[in-house]
Each structure stands twice: as structure tokens, then as C-alpha cells.
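> Okay, here's the structure, questions in a sec.
The values are calculated or read from the model by the stated rules, or taken from the named source; none is laboratory data. This structure is a prediction, so every number in the text was calculated from the model and none was measured. FYI the Cβ positions are ideal-geometry reconstructions off the backbone, even for glycines, and counts take in every protein chain you see. In case anyone asks, the SASA skips ligands and DNA or RNA and just uses the protein heavy atoms, side chains included. Shrake-Rupley method; radii C 1.70, N 1.55, O 1.52, S 1.80 Å.
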Amino acid sequence: ILDQANETEFAENAGAPPDPGWEAAITFDPVVARQIAQSGNFVVVIDPGHGGIDPGANQGGIKEADLMLLLARELKDTLLRTGDYDVLLTRDADVFVSLEDRVRLAHQRGADVFISLHADALAQGLAHGARIFTLSDEASDAASAALAERHDRLDILSGIDLNGADDVVTDVLLDLARLETAPRARALAKSVLAGIENATGDLYKLPLQQAAFSVLKAADIPSILIEAGFLSTDQDLDNLVDPLWRAGFIAGLRDGLAAWVISDRAEAVLRRR
């Protein structure tokens, strides 16, 4: 039954009722942030793709969201064992986290690098191997405008309060940040690809690509999105569910990250000059 309502009543009751389980709350824990800052370690934020109401690709009842959470937890453990990193996950359960909240968490935790983990699936055809995406140059300007419009200005650039700054100033600062971050992200992607290739040999025919994925749009954090394989390909699916293969894949990723950190720190001296 439809009842007559004025504009105010309609606005108050429009939309789906809130469901506290629909989206995981991303909260800023000052204690955790302080511990990370005091450790002096390199901060890695690992982003297991999808989750909750968004299961991602699905093959034979195996969900991308579940596999990527498993891979992320194993990668976290591997990096923590080196003693060189502080590692945080954007989600540690089968919950939905918005794309913007994933980037926001990376900023709040002072991330030095952001790694998003995914797997692909094709409806037709056959494809095999891992590939890594960085943010496309064409997406950068649009990303700056969209981020400036949608985000709290405190979440756009780490350590810089842009509240009160107009859009022109914000866009300029984002562009300047990306001039430094974009080549660092590409170097990170190449180094991680080399590590994965050395460990498993399982790379896609065009392993380094660019796209406008939202989770890559942090202007000041080198960010990569790794497609670990294709769930629609039996060989890749078998690999991803095999603990031994995942261990090799993670070891290659770890080695590629470590090599990039050494190189990036050396180049940081030149960038400061």
C-alpha cells in the first residue's frame, strides 16, 4: 500500500534500511598507528580483493574473495617473519569493505606501499599466469578530481591537511605527488613481477598493465594490483589452491618487494636532491 508523503518524509525513509553487517567499519586506532610509527619498519598494506556481498570471481564453488584472503594472510605472515615490515590487511574476514575505505586505511596507517590481491576469470577463452596493474596515466587526472570531490581532505595525502584548500590547490598537490609516485609504482610492479617469474615462472603473456582501478588512486602511495591467476583456467586454479605453489608465489613477491625497497631507498637520496 502506497501512502501520501511530503518531501521530508520521503527523504527520511528512502533507500534500503541500514544493515550493520553490510560493510565493515574502517576505524582509526591511534594506538596501532603510534606503534607502527615508532617501529620504524616499512609499512605494507595488503588488500585482499572483494569480500562479503562481493565474492568476486567464482569457479566451481571457489570464491576469489576467499582465495585472496588466504593469500593475503600467508603473505602477511611471510613479510612479518622477515622483521623488516609492519603489515596490515584491509580486511581479515569475509566482509565487504568499500574501495575508498581500503585506500583511506592505507593513508591512516601511513602505508609505504599498497598491494591489492585479485584473481581473474574469463567467460570465454583461455588465459594463464599472473599480471600486475599500475594506475594508468589517463586515469590520474580524473582520479585527482574524483578524490578531491569525494574524500575527506585529510585522507587524500598523508601528513597534509587539505581541509579548506580549494580544488585547484588540491589538484596541483595531487599531480605533484603522482609525478614521484607513478614511476615508483611502475618500478615496484616490475620488481615484483621479476620475483614471481623467478619463483614460479607463471606470468601472463602481457604481465605489466595499466588500468583505472580505484584502489590504485592514492596519489602518494606506490600502489599495485596483482592478478595472481585466472580461476577459469584449470592450471591456475590448481595453483591457487595448492599451498606449495602459493608459498613459492609469495616468496617471489617477497623477494621482488625487498629488491624494490632497497632500490627505492637508494633513489630517494637522489629525489631529495
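> Look through Leu126, Leu173 and report the one residue that is over 20 Å from Val215 (Cβ atoms), open to solvent by 50 Å² or more (accessible area, probe 1.4 Å) and either at pLDDT 95 or above or in a helix (DSSP H, G or I) (or both).
Leu173
> Would you point out which residue out of Gly159, Gly164 is open to solvent by 10 Å² or more (accessible area, probe 1.4 Å), more than 21 Å from the chain's Cα centre (by Cα) and either among the basic types (Lys, Arg) or modelled with pLDDT under 95 (or both)?
Gly164
> Now for a different question. With open to solvent by less than 60 Å² (accessible area, probe 1.4 Å), modelled with pLDDT under 95, of a type in the set (A, V, I, L, M) and out of contact with any Gly (no Cβ under 7 Å at 6 or more places or on another chain) as the only criterion, which of Ala258, Ala268, Ala247, Ala228 stands out?
Criteria check complete, one pass: Ala268.
> Taking Ser214 as the residue in question, decide whether it is touching a helix residue (DSSP H, G or I) at 6+ places or on another chain (Cβ under 8 Å), of a type in the set (S, T, N, Q) and modelled with pLDDT of 95 or more.
no
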